[in-house]
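In what follows, a structure is listed as structure tokens, so that the remarks can point back to it.
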């Protein structure tokens, strides 16, 4: 029983690592196709943070910026935890 639990935990970590590696590879392939380099993506992320920060307090350590590709189209996905609304 304990050995089954350990096997499941180990397999979950392998699957998670495998899925993360697959996602990173897909992400890199989309970047290559769109010809977006790391510098451009970082600049875009900083610009988005500046705009959102005017209206919200955000967790800058918890954000992510991705380009997702589905059926011939691409989408820019920006996720960030919003801590609070800034009052004006």
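None of the figures in this text is laboratory data; all of them are computed from the coordinates on show. This structure is a prediction, so every number in the text was calculated from the model and none was measured. Positions of Cβ are generated from backbone atoms using ideal geometry, with glycine treated the same way; all protein chains shown enter the neighbour counts.
On full extension, the segment bounded by residue 59 and residue 76 gains 4.2 nm, given 0.36 nm per residue less the C-alpha separation.
Rounded, prolate or oblate: which one fits region 39-88, using the alpha carbon gyration tensor with axes a ≥ b ≥ c (rounded when a/c is under 1.5, else prolate when a/b beats b/c, else oblate)? Prolate.
Here each label is just a point 7 Å from Cα along the line to Cβ, and for residue 18 and residue 87 those points are 5.2 nm apart. Taking 0.36 nm per residue of separation and subtracting the Cα-Cα distance, full extension of the segment from residue 68 to residue 44 would add 7.1 nm.
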